[in-house]
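The values are calculated or read from the model by the stated rules, or taken from the named source; none is laboratory data. The structure displayed is predicted, hence computed values, not measured ones. In this analysis, Cβ positions are derived from the backbone assuming ideal geometry, glycine residues included, and neighbour counts consider all displayed protein chains.
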C-alpha cells in the first residue's frame, strides 16, 4: 500500500474518532444551562465547521494523483489543526462548566 493511501486511511480513522467524540460532547452540552450551553454549542459548531473542511480536503486528496498529494496534504494539515483546536476548545468549555456544577 502506498504512503498516500496509508495517510488517507490514518486520517479517515482519526476523523471517525473525532466524530464520535464530537457527538459525545454534543449530548453532554445539552445538559448545560443558559449561556454555558450557548458558548459550548458555539465551540462545537466551530469544530464541526473545521471537520467539514477536513472532510472536503480529504476527499480531494483521495481523488488526487500522487503528484498533487503534497499540495493537498499541506492544506489538509492546516484544516486538521483547526479541527483539533476547535475540538479541544469545545471540550475545555464543557469541562470548565461541568466543574462549576460541583
Review point. Out of the range 1-20, which residues are in contact (Cβ under 8 Å) with a residue 12 or more places away in the chain and surrounded by fewer than 14 Cβ atoms within 10 Å (Cβ to Cβ)?
Key: 2, 12, 19
Exercise for review: Could you give me the residue pairs with C-beta distances under 9 Å whose first residue belongs to the range 24-35 and is touching a residue at least 24 places away in the same chain (Cβ under 8 Å), whose second residue is in a helix (DSSP H, G or I) and surrounded by fewer than 15 Cβ atoms within 10 Å (Cβ to Cβ) wherever it lies, and which are 6+ apart or on separate chains?
Suggested key: 32/38; 32/101
Revision key, fill the gap. The one condition residue 87 fails out of (1) modelled with pLDDT of 80 or more; (2) closer than 14 Å to residue 15 by Cα is (1)
Exercise for review: Go through the residues of the range 92-100 one by one and say whether even a single one is at pLDDT below 85 and more than 18 Å from residue 30 (Cβ to Cβ).
Suggested key: no
Point to revise | Residues that are touching a residue at least 60 places away in the same chain (Cβ under 8 Å), buried (at least 16 other Cβ atoms within 10 Å of the Cβ) and closer than 14 Å to residue 4 by Cβ, drawn from the range 44-81 | key: 69, 73, 76
